[in-house]
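Participant: Please read through the structure below; I'll follow up with questions.
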């Protein structure tokens, strides 16, 4: 550490203390040349995770935003809050282990969907419908069919993906209005059974 008074590069540490928050260490140093004391602070340098959006924008990774999205996807599903928090923690840890601090939003979405697929399939479909921005029903059905085919391949699907098609209902045949001319205008008489 360079002495701020004389510029000498050698010093000795006289005292070290951790800050109240625990995010830095305060060190009192004494220059070996001029014997003057000065303070330095040591902090861990954190390079934040950055999400590269589809439109080219960059925004910092937000754990709360991820948590909120997963809570919406798992709403009214048998998934505990603790399990969702664990999933978010696992995803964040995997992202922090990456050498690259920038991740594409598409890649993050795929990671989330892979985790949700094993957690709860309804939550997976909900998240996928928002994330993949399905434009119409065929896109949605295609995603569901893909999920069902994977389930069938894994041997976990005992019901056919879609019910067998039923024959179309035939339209009712027209009822003849009158058998004899002038009968249509005649009043209908009803009798009571005794």
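Conditions (1) touching a helix residue (DSSP H, G or I) at 6+ places or on another chain (Cβ under 8 Å); (2) loosely packed, with under 13 Cβ neighbours inside 10 Å; (3) over 20 Å from residue 50 (Cβ atoms); (4) touching a residue at least 12 places away in the same chain (Cβ under 8 Å), marked per residue:
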position	(1), (2), (3), (4)
62	no, yes, no, no
66	yes, no, no, yes
70	yes, no, yes, yes
73	yes, no, yes, yes
79	yes, no, yes, yes
88	yes, no, no, yes
92	yes, no, no, yes
97	no, yes, no, no
101	no, no, no, yes
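Participant: Out of 57, 94, I need the residue that is modelled with pLDDT of 90 or more and in the same structural domain as residue 121 (by TED's automatic domain parsing). Which one? Write out each step before concluding.
Facilitator: Values: 94 fails: modelled with pLDDT of 90 or more.
After ruling out the rest, the residue left standing is 57.
Participant: Quick one: in region 5-25, which of the residues that are surrounded by 12 or more Cβ atoms within 10 Å (Cβ to Cβ) and at pLDDT below 90 is nearest to the chain's Cα centre (by Cα)?
Facilitator: 24
Participant: Consider only pairs whose beta carbons are under 8 Å apart and that are at least six residues apart or on different chains; among these, list those whose first residue lies in region 106-130 and is outside the structural domain of residue 62 (by TED's automatic domain parsing) and whose second residue is assigned to a helix (DSSP H, G or I).
Facilitator: Matching pairs, first to second residue: none at all.
Participant: Is it the case that some residue within region 148-158 is at pLDDT 70 or above, touching a helix residue (DSSP H, G or I) at 6+ places or on another chain (Cβ under 8 Å) and at negative phi?
Facilitator: No, region 148-158 contains no residue that is at pLDDT 70 or above, touching a helix residue (DSSP H, G or I) at 6+ places or on another chain (Cβ under 8 Å) and at negative phi.
The values are calculated or read from the model by the stated rules, or taken from the named source; none is laboratory data. Because the structure is a prediction, the values reported are computed rather than measured. Neighbour counts are summed over all protein chains in view; Cβ atoms, including those assigned to glycine, are modelled from backbone coordinates with ideal geometry.
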